[in-house]
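Undergrad: Dropping a structure here in C-alpha cells format, bear with me for questions.
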Amino acid sequence: MNVIIDPDHFVRADRPTRCRLGPTRMIVLYGMMQYPIPVAFDPLAMHGARMRRLAFLALTLAGLFWGLGFPFGKLVLREVMPAHMVLLRFAVASMASIPFAFGSAEARALFRSPAVLGAGALYGIAFLIQFEGLAGVTVTLAALLVGAMPALVALAARLTGEEVTRTSWIGVAAATIGAALIAGKPGGAGSAAGIALSLLSLLVFLAWLMVSKRAPTVRSALAVPSVMLIVATITVAPVAVAMRGLPPVNLSAVAWLGIVGQGLLSTFVATVAWQYGAARVDSASAGIFINIEPLIGALIGITLFEDPVGLPVLIGGLGIVVGSIIVVRGELTVAPSSAADAIHGLSLD
C-alpha cells in the first residue's frame, strides 16, 4: 500500500491511508505487513516545525520589545508631551520601514488596501491613547493593565464565530476582576483618567488586531507591517500637531535614546516580529506571548523607576496575568490545530 512519509509517526501497512500529496512529498510502497513500520522523514513537516520555532522566537521578541516601550516612554515624557513622543516614535519607525514599503510594486499596492490603511490608522491612534494614559500612571501599572490583552484577543476570536469554553470565561472573569481592582485601588500608582485611557487603548489595539486579519497576503514578510507603520505615522501627525503643536527637536541625549529605542525596537521590530510570528501559529498560542510585555514593563518599573506598588496593584496584576493564561490554555484545548488566524498579510515562505 502507499504510505505517506511522516517524521513523527509509525504507520501500519495493513491499514489503507488516503492523503493529499505536495510536490516535495515522497511515497514508498510497502507490502502487506501485520506490524508497525517506521516511515521516512517528510521534509515539509520538518520545515513546518522549524517555522513554528521561529514563530515562537519572533513572538517572544515582540513581547520583550513592546515591554521596553513603557520605560523608554517614561524617559521621553520627562521632556515632551505624550502626543509628540508618539509622533517622533512613529517617525523613526517609518524611516526604517520605507525600504520595505516602497521596494516593490506589490508592497506599494498595499497603500490601496482598506484593511492595511484601517489597521495602520488604528495602530497609531492606539499608541496615542496609551501614552496619554501613561502620562497619568506608573510604568508598572500601565504594563500590568496590558496583561488583560491576551484574554481580550482569545475572547474576540471566539466571539467572531467560535465557541467560548467555560475555562475561557473563568479566565476572562479573573482578568476583568484584576483590572477592576487596579482601577478601583491604584494605591498612588495612577489617576482615574490615566487608567481609563490605558484600558481604552487596549480596545483600540484589539480592533487593530481584528482589522489586520483582513490584510492581503504578500510575498515579503516586512511589507504589511512597514506600510502599516507609515500609515500610522500619517494618521498620528495631524492629530499630534492639533493637540500639542509642532514637536520639539532640541531634546537631551537621554530623550532621543528613548525615542530611537521606541521607534526601532518597540515599534518597528516588535510589530514586524509580532506579524511574522502570529501568522504562523494560532491566535491562542500567540496571545500568551503578549504577557511578556506586562512582566517586562512591571519588572523595569519596580526595579529602575521605583514605582509605588500597593497590594491591590500586585493582586490585580496577578489576576490579569493568570486570567489571561487561563483563557489562552482554554482556547488551546479547543482549537489546537488552527493556524494563521491571528494576523494575516504575510507569506509563509
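Undergrad: Report the residues of the stretch 130-162 in range of a label on Ala193: point 7 Å along Cα→C-beta, backbone N strictly under 13 Å from it.
TA: Backbone N within reach: 132-137.
Undergrad: Could you compute the FRET efficiency for Leu299 and Leu200, with r as their C-beta to C-beta distance and R0 at 22 Å, rounded to 0.05?
TA: Values: r = 25 Å, r/R0 = 1.13.
The pair Leu299/Leu200 has a calculated efficiency of 0.35.
Undergrad: Is the shape of the stretch 231-281 best called rounded, prolate or oblate, per the rule: a/c under 1.5 gives rounded, else a/b larger than b/c gives prolate, else oblate, with a ≥ b ≥ c the square roots of the Cα gyration tensor eigenvalues?
TA: On the way: a/c = 5.05, a/b = 1.58, b/c = 3.19.
Oblate.
Undergrad: So, one more: Report the extension gain between Thr60 and Ala253 in nm, rounded to one decimal, defined as 0.36 nm multiplied by the number of residues separating them, less their alpha carbon distance.
TA: Between Thr60 and Ala253, full extension yields 66.6 nm more.
Undergrad: Another question, then. Express the accessible area of the stretch 71-112 per residue in Å², computed with a 1.4 Å probe while the remaining protein chains stay in the model.
TA: 43
Undergrad: Step through the residues of the stretch 125-130 one at a time and calculate ³J(HN,Hα) from phi using the Karplus curve (6.51 cos²θ - 1.76 cosθ + 1.60, θ = phi - 60°), rounding each to whole Hz and writing x for Gly and Pro.
TA: So the Karplus estimates, Gly and Pro as x, are 5, 4, 5, 4, 5, 4 Hz.
Undergrad: Also, quick follow-up: Once ligands and nucleic acids are excluded and a 1.4 Å probe is used, how much of Glu79 is accessible, expressed in Å² to the nearest 10?
TA: Using a 1.4 Å probe on the heavy atoms, I get roughly 80 Å².
Undergrad: Among Met210, Met81, Met149, what's the order by accessible area (1.4 angstrom probe), most exposed first?
TA: Values: Met210 50, Met81 85, Met149 10 Å².
So the residues, ranked largest to smallest area, are Met81, Met210, Met149.
Undergrad: Just to verify a number: FRET efficiency for Val322 and Arg219, C-beta to C-beta distance, R0 = 35 Å, to 0.05?
TA: Efficiency computed from Cβ-Cβ geometry: 0.30.
Undergrad: I would also like to ask the following. First measure r as the distance between the Cβ atoms of Arg166 and Val241, then evaluate 1/(1 + (r/R0)^6) with R0 = 51 Å and state the FRET efficiency to the nearest 0.05.
TA: 0.55
Undergrad: Stretched out fully, how many nm does the piece from Glu306 to Ile234 gain, at 0.36 nm a residue minus the Cα gap?
TA: Working it through step by step, the gained length comes to 22.4 nm.
The values are calculated or read from the model by the stated rules, or taken from the named source; none is laboratory data. Predicted, not measured: the structure shown is a model, and the values here were computed from it. Here the Cβ is made from the backbone with ideal geometry for all residues, glycine too, and neighbour counts use every protein chain on show. The protein model used for the area step is the full one, side chains on, heavy atoms only, and it has no ligands, DNA or RNA in it. Shrake-Rupley method; radii C 1.70, N 1.55, O 1.52, S 1.80 Å.
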